[in-house]
Every structure is written in C-alpha cells, then in structure tokens.
Amino acid sequence: HDGVVVYLKPLDRHGDIVKVAGTIRIELFDLTVDPPQLVGRCEIPAADASALWYGDLWTQHYTIRCPWLADPPTTREVTIRAAFVDHLTQRVMTAQTAAQIDLAP
C-alpha cells in the first residue's frame, strides 16, 4: 500500500520488446479531484535502470516501484504516466494508462 509497481516494456518500431538503456520517469495522478493531483513520482537514471530489468522466456520488462508522495489516494483509480528516454538517441517514448489500486484498510 506504499505505491504502485509499474511494468515498462520499451518497444521498437516493429512492436518488439527491446532492452535499451535509458532514463525512466513514472508519474501517478489522481484525476478524480479538481484540479488533478500528482500522488506519486519516481525517476530512475539510465545508470540505475539496468538493475530493474527482468527477462526470461515469457516476459521482458523493467519493474519500477513508484511510491506515493504522501498519503495514498482515497480513490481506487490512478492514472500512470510513463516516459522513457533512450540513452543513445534521446528519443522519448511515453505511455499512459488508468489502473485500479488496492486501498489501505
């Protein structure tokens, strides 16, 4: 209940997962309040990202644990915004999705 775990899969132009060095930024938003509130954020430099890579026969991804900035949101839905900056080309890849979270008891 201390944050969200994000599984990030960088894709090449053919849609294949690639292990590439880069900076990772994850932001968690509560969009149910006005104005929307940033509730979590983490940034991983390229030098540290390789330790977060997991790969085997069935899956390949970065596993990022992104903590809440303060108290967890009071709603079950957060919006996750991920940005990956390729270390070699400086190309920025982004993704955004809504996710259901378990609220603390």
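With the other protein chains left in place, how much accessible area per residue, in square angstrom, belongs to the chain at a 1.4 angstrom probe?
Counting only protein heavy atoms, the per-residue value for the chain is 66 Å².
What FRET efficiency do you get for D71 and A46 if R0 is 41 Å and r is their Cβ-Cβ distance, rounded to the nearest 0.05?
So the FRET efficiency works out to roughly 0.85.
Sticking with the crude label model, points 7 Å out along Cα→Cβ, report the distance from V85 to I17 in nm, one decimal please.
That separation, rounded to one decimal, is 2.5 nm.
Could you give each residue of the range 42-59 its phi-based ³J(HN,Hα) in whole Hz, using Karplus coefficients 6.51, -1.76, 1.60 with θ = phi - 60°, and x for Gly or Pro?
Once θ is set to phi - 60°, the couplings for the range 42-59 become 8, 9, 10, x, 4, 5, 9, 5, 4, 5, 9, 7, 10, x, 8, 4, 9, 8 Hz.
Go through the range 14-21 residue by residue and turn each phi into a ³J(HN,Hα) via Karplus (6.51, -1.76, 1.60, θ = phi - 60°); whole Hz please, and just put x for glycine and proline.
Listing the rounded values in order: 9, x, 8, 6, 10, 8, 9, 6 Hz.
Quick query: amide H of L69 versus all other amide H atoms, modeled in the peptide plane; which residues come in under 5 Å with a sequence gap of 5 or more or a different chain?
It is G40, R41, by chain and number.
What residues qualify as long-range amide H neighbours of H87, i.e. H under 5 Å apart, gap of 5 or more or another chain, H built at 1.01 Å from N?
Those lying under 5 Å, H to H, from H87 are A21, G22, T23.
Tell me the accessible surface of L52 in square angstrom (1.4 angstrom probe, heavy atoms of protein chains only), to the nearest ten.
Number for this one is 50 Å².
Is it possible to state the helix-based mean residue ellipticity at 222 nm for the chain, with each DSSP H run of 4+ residues giving -39500 (n - 2.57), the sum divided by total residues, to the nearest 500 deg cm²/dmol? What is it?
Here the helix-only value at 222 nm equals -500 deg cm²/dmol.
For the chain, with all protein chains present and a 1.4 Å probe, just round the carbon and sulfur fraction of the accessible area to a whole percent.
Carbon with sulfur: 53 percent of the solvent-accessible area.
The values are calculated or read from the model by the stated rules, or taken from the named source; none is laboratory data. Remember, predicted model here, so these are calculated numbers, not experimental data. All Cβ positions, even for glycine, are placed from backbone atoms using ideal geometry, and neighbour counts span all protein chains on display. These accessible areas exclude ligands, DNA and RNA; they are computed on the full protein's heavy atoms, side chains included. Shrake-Rupley method; radii C 1.70, N 1.55, O 1.52, S 1.80 Å.
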